[in-house]
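Asker: Take a look at this one; I'll ask things after.
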Amino acid sequence: MTDILVAGGGPAGLTAALYAARAGKSVVVLEGNAPGGQINFSPLVENYPGLPSIPGSQFSEDLLHQAEELGVELEYESVTGFRTHGNGFQVTTDCALRECRALVLATGVQHRTLGLPGEEELVGQGVSYCAVCDGPFYAGKATAVVGGGDTALQDALFLSGICSQVTLIHRREEFRGTRRLVEQALARDNIVCEMDSTVEELLTREGGLSGVTVRNRITGQAKQLEVEGLFIAVGQQPQNGPFSALIAVDEDGYLLAGEDCKTSLPGVFAAGDCRSKGVRQLTTAVGDGAVAGLAACRWVDEHPN
Ligand code: NAP
């Protein structure tokens, strides 16, 4: 029986674990993929107070190290379900059955797709959801990025340092992302913007992406862009499937929990991007982590076996 199980090893989950371990609780973090979550794919974090500029992967490596030094255990397991059990919870993962007294859900989000024919098949053959991971494969080539948020802007900036040209395709006339990133992107000679436009078709040659058809939704005109890489950065969706039967979620599937991170099920806390909230940032994720970690400790203390 572990005091606190944390589902998800991103910034929110690791922070919750760190706080709980520091408070003397036994804590296991369950993470099916590489720890660190989405921030691993952020080339440079420039808005974390006190750290003027740090690569996202470095941030998560440091956070993991810090948590482990404080006694947090990390297990590479994906949570597939859970149920209440006595005074606590029984959690099933892809390879184990675990028991805990309190549960922190910090499962984050996963990328949204465009839902275009061939999109799934072309992943790794020209379509990517991670510029930091796959950008170097397109060195010297023409690429495009879809989206108008911070991720798309950061991706375009990152790719512009590697690729011959980057076309930023956004469905509206204004970017959603922060002004600083917009200004940086607009100042790059090899970033071209296609505003008010959507990708309508993925074009292929010899099994790989060769271009895209883009339609301007104002003029109605379509044109083909020759690109070998298409980076899709159109936001995210929560990964709360295993929990939504027992815990209330909003219409988009985010776990309903307020600033206190308490879910509808006592003893279960939600932290980070998987929680319904207005601002999803690294800072708000670690803020949730601290709140959820301490709330879980309190729950364990107030509900002894
Ligand atoms: P986001 O802010 O939700 O932006 C998604 C973008 O994709 C929007 O511009 C949206 O267009 C567009 N989009 C959505 N569905 C689309 C579709 N089907 N077809 C075409 N375009 C579509 O997502 P994000 O950029 O991944 O950012 C997520 C959160 O992480 C944000 O809070 C962001 O600030 C944060 N973030 C922060 C940093 C940083 O701090 N450095 C870096 C990356 C992300 P509309 O604008 O028209 O809705």
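Asker: So how strong a dipole does the stretch 1-146 carry about its Cα centre when Lys and Arg Cβ are +1 and Asp and Glu Cβ are -1, to the nearest 20 debye?
Answerer: The calculated dipole for the stretch 1-146 is roughly 380 debye.
Asker: Let me ask something else. Give a residue-ordered list of calculated ³J(HN,Hα) values for the stretch 290-305 (Karplus: 6.51 cos²θ - 1.76 cosθ + 1.60, θ = phi - 60°; whole Hz; x for Gly, Pro).
Answerer: Those phi angles translate into 5, 5, 5, x, 5, 5, 5, 4, 4, 4, 4, 5, 7, 10, x, 4 Hz.
Asker: In Å and from the alpha-carbon atoms only, list the Rg and Dmax of the stretch 173-305.
Answerer: Radius of gyration, then largest Cα-Cα span, for the stretch 173-305: 21.6, 67 Å.
Asker: Right, next: From the phi angles alone, apply the Karplus equation (6.51, -1.76, 1.60; θ = phi - 60°) to the stretch 198-204 and give each ³J(HN,Hα) in whole Hz, x where the residue is Gly or Pro.
Answerer: Karplus values, whole Hz, x for Gly and Pro: 10, 7, 9, 8, 9, 9, 10.
Asker: Under 5 Å between amide H atoms, partner at least 5 residues away or on a different chain: which partners does Ser42 have, H built in plane at 1.01 Å?
Answerer: Result for Ser42 returns Gly56, Ser57.
Asker: Separate question: Using θ = phi - 60° and the Karplus relation 6.51 cos²θ - 1.76 cosθ + 1.60, list the HN-Hα couplings for the stretch 25-38 in order, rounded to whole Hz, with x at every Gly or Pro.
Answerer: 8, 7, 9, 10, 9, 9, 9, x, 10, 5, x, x, x, 4
Asker: What does the charge count near Gly37 come to, summing +1 for each Lys or Arg and -1 for each Asp or Glu among other residues with Cβ under 10 Å from its Cβ?
Answerer: -2
Asker: Continuing with the same structure: About the Cα centre of the chain, what is the dipole size in debye to 20, counting +1 per Lys and Arg Cβ and -1 per Asp and Glu Cβ, all else neutral?
Answerer: I would put it at about 500 debye.
Asker: Something else: Using packing as a proxy for protection, rank 237-245, 8-16, 43-51, 26-34 so that the peptide with the highest average count of other Cβ atoms within 10 Å comes first.
Answerer: Top to bottom by mean Cβ count within 10 Å: 8-16, 26-34, 237-245, 43-51.
Asker: How much of the DSSP bridge set in the chain is antiparallel, in percent, rounded to the nearest 5?
Answerer: Bridges in the chain are about 50 percent antiparallel.
Asker: Could you compute the net charge surrounding Val300? Neighbours are other residues with a C-beta less than 12 Å from the C-beta of Val300; K and R count +1, D and E count -1.
Answerer: 0
Asker: When the Debye formula is applied to the Cα atoms of the stretch 105-177, each taken as the same point scatterer, what base-10 log of I(q)/I(0) results at q = 0.21 Å⁻¹?
Answerer: Normalising to I(0) and taking log10 leaves -1.00.
Asker: Which order do peptides 125-138, 185-198 fall in by mean Cβ count within 10 Å, highest first?
Answerer: The packing order, highest mean first, is 125-138, 185-198.
Where a number appears in this text, it was derived from the coordinates with a stated rule and is not lab data. This is a predicted model, so every value here is computed, not measured. In this analysis, Cβ positions are derived from the backbone assuming ideal geometry, glycine residues included, and neighbour counts consider all displayed protein chains.
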